[in-house]
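Take a look at the structure below.
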Amino acid sequence: MADAVSPIRLRLDGDALTHNWQQLAKLSGNAATGAAVKADAYGLGAREVVRRLSDIGCRDFFVAHWSEAKAIADIIPANQISVFNGVSEADLKVAQELGAVPILNNPNQIALWKQIKGGRCHVMLDSGINRLGIGPEQIDASLFDGLDIDILASHLACADEDVAQNKAQLDCFKQMATGIKAKRLSLASSAGIMLGSSYHFNLTRPGLSLYGGIARPEMDTFIKPVVHISSQIVQLRELNAGDPVGYNATYSCTKKTRVATAAIGYADGYFRGFSNKGSVCFGELSLPVIGRVSMDLITIDASQATSLQEGDWVDIAYNLPEASRASGYAQYELLTGLGRRSDRSWISADQIAH
Ligand SMILES: *Cc1c(COP(=O)(O)O)cnc(C)c1O
C-alpha cells in the first residue's frame, strides 16, 4: 500500500542540537556536561538525541523513568544513564538487569538500595525546591554509610530568575554535601549554568537549552532553535466582514478576509493558547492565526498572502520564548507536547529553508 503523507513536517536541526550542547559545555568550564533526555528528550526523540550527543562526547544522560532508561540502553553503556525518580520495589528487577543508575531521593530508596547491595548510585539532596530529594533534616550520621555514591546532586527552583533563593540553595547544597562521600557534585541545569562557575561543580545537566529553549534571556545570543514546524494549507476561502471563524466564533472578520485553513492543531502540540495569538510565516509574510485552534486545524488570515495556494506549506512561528509568551505555555510544554503524527526528520542546518 502507498505511504500516507503527513500534512505536518517536523524538522529537527541536528547541527543546532550539537552546537547548543557544545556551547553549554564551554560555559560549564571545567565541569563535565551531561544531558537531560527525559520525556523522550523533551519530545524530540531520545534515541536520536542520545546518539548525536554521545558522538560529540556527552557521557551522562538523565531520564525520569526506568522505561526511558531501557529505551536508550542499547545505544550507550547503561552506566551512563541516571534515573531521576530513583527506585521503588517495582523497579528493582529492571534496575539490576539494566545497570542504569538510580538517583536515590529519600531514606526509603537508600534503604532499598543498600538492602539489595545495588552498587554505584547517585543521591539527590533537596536544597530548597522541596519536591524530590533528601532534606537537611533527614541527614543523619549513618544514612549514607556503605553507599557507593558517584553523583551527589541538587536542583534549583528559580535558576531562571535573579532571586535570593539561588544563592541560598547553593549555600545549602554545599553545606549538606560536606561530609558526604561522593565522586562528583552536580547542581546546574540549563538556567543554572548561566549563574556562574560557583554553580557548576563537577557536572552540569542541561535539558531545555539543548533543544533550543531560552532558559534565561542572555542565552538568546548563542542557543539555536532545533525544532522547525510547517503545515500544509488544506483550504482557502474568501469571507466577508462580520463572518465568524472557528469554534465558538471567537473571531469575526472585520473586512473581506482570505482565510487559510492549515492541517495542524492541538493534537499536534499546537495548543489552544495560540487561538487568536499565534502566527505562521509564508515567505517573508507573517500571518496571524484567527479563531480557535481545533484538534487538527488552524485558521489563518492570509489576506496579505495573495500568492498562497491550497497545498502550499506555511512555517509555524515557533520561536520558543515568543511562542511561550503568545500562548501562555512554558517552553518546556511547547517541546514535550509535540505530537506524534507529523513527518519527523533530522536535518542539518543548511537544509532549513527560510
Ligand atoms: C529536567 C531536569 C534537569 C534539566 O533541566 P532544564 O531546565 O531542562 O535544563 C536537570 N535536573 C533535574 C533534576 C531535572 O529534573
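Read-outs: derived from the displayed coordinates by stated rules, not from any lab. For clarity, every value in this text was computed on a predicted model and none was experimentally measured. Positions of Cβ are backbone-derived with ideal geometry, glycine not excepted, and every protein chain shown enters the neighbour counts.
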Trypsin sites (Lys or Arg not before Pro) lying in DSSP loop within the range 36-70, provided at most 15 other Cβ fall within 10 Å: 59
What is the distance in Å between the Cα centroid of the range 129-166 and that of the range 21-41? 20
Give me the one-decimal Kirkwood hydrodynamic radius in Å for the range 244-354, with the sum taken over alpha-carbon pairs. 14.6
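DSSP loop trypsin sites (Lys or Arg not before Pro) in the range 315-353 with at most 15 other Cβ atoms within 10 Å of their Cβ, which ones?
Sparse-neighbourhood loop trypsin sites (Lys or Arg not before Pro): 340, 341.
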Mean ellipticity per residue at 222 nm, deg cm²/dmol - from DSSP H runs of n ≥ 4 across the chain, formula -39500 (n - 2.57): -6500 deg cm²/dmol
Between the range 205-230 and the range 296-313, the alpha-carbon center distance in angstrom: 28
For the chain, the longest site-free run once GluC sites (Glu not before Pro) in DSSP loop states with at most 12 other Cβ atoms within 10 Å are removed: 1-160
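Write down, largest first, the equivalent ellipsoid semi-axes of the range 60-112 in whole Å, where each equals the square root of 5 times an eigenvalue of the alpha-carbon gyration tensor.
Values: eigenvalues 66, 24, 14 Å².
With the √(5λ) rule applied to the range 60-112, the semi-axes are 18, 11, 8 Å.
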Separation of the residue 243 and residue 224 label points, Cα + 7 Å toward Cβ, nm: 4.2
What lysines sit close enough to residue 93 to cross-link, taking a C-alpha to C-alpha distance under 24 Å and skipping anything fewer than 8 places away on the same chain? 38, 70, 114, 117
Using a cut-off of 13 Å between beta-carbons, work out the net charge of the residues near residue 118 (Lys and Arg +1, Asp and Glu -1, residue 118 not included). -1
Take 65, 155 and order them by how many other Cβ atoms sit within 10 Å, fewest up front. 65, 155
Quick one: helix 14-27 against the long Cα principal axis of the chain, what's the angle to the nearest 10°, folded into 0 to 90? 40
If you fit an axis through the alpha-carbon atoms of helix 46-55 and take the longest principal axis of the Cα set of the chain, what angle between them do you get, 0 to 90°, nearest 10? 60
Let me make sure I get this right: for the chain, a, b and c are the square roots of the gyration tensor eigenvalues over alpha carbons, sorted descending. Under 1.5 in a/c it's rounded, otherwise prolate if a/b > b/c, else oblate. Which is it? prolate
Rounded to the nearest 10, the angle in degrees between the Cα long axis of helix 164-177 and the longest principal axis of the Cα atoms of the chain comes to 30
Need the list of aspartates and glutamates near residue 277 for cross-linking: C-alpha distance under 16 angstrom, and skip anything on the same chain fewer than eight residues off. 301, 315, 322
Any lysines with Cα under 24 Å of the residue 167 Cα? List them, leaving off those in the same chain fewer than 8 positions away. 26, 181, 183
May I ask you to list the chymotrypsin sites (Phe, Trp or Tyr not before Pro) in the range 31-102 that are in a DSSP loop and have at most 15 other Cβ atoms within 10 Å of their Cβ? none
Assuming a ≥ b ≥ c are the square roots of the Cα gyration tensor eigenvalues, decide whether the range 150-238 counts as rounded (a/c under 1.5), prolate (otherwise, with a/b larger than b/c) or oblate. prolate
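Return one quarter of the surface area of the convex hull spanned by the alpha-carbon atoms of the range 9-125, equal to its mean projected area, in nm². Please report the intermediate quantities before stating the final value.
Numbers: hull surface 31.9 nm².
Over every viewing direction, the Cα hull of the range 9-125 projects on average to 8.0 nm².
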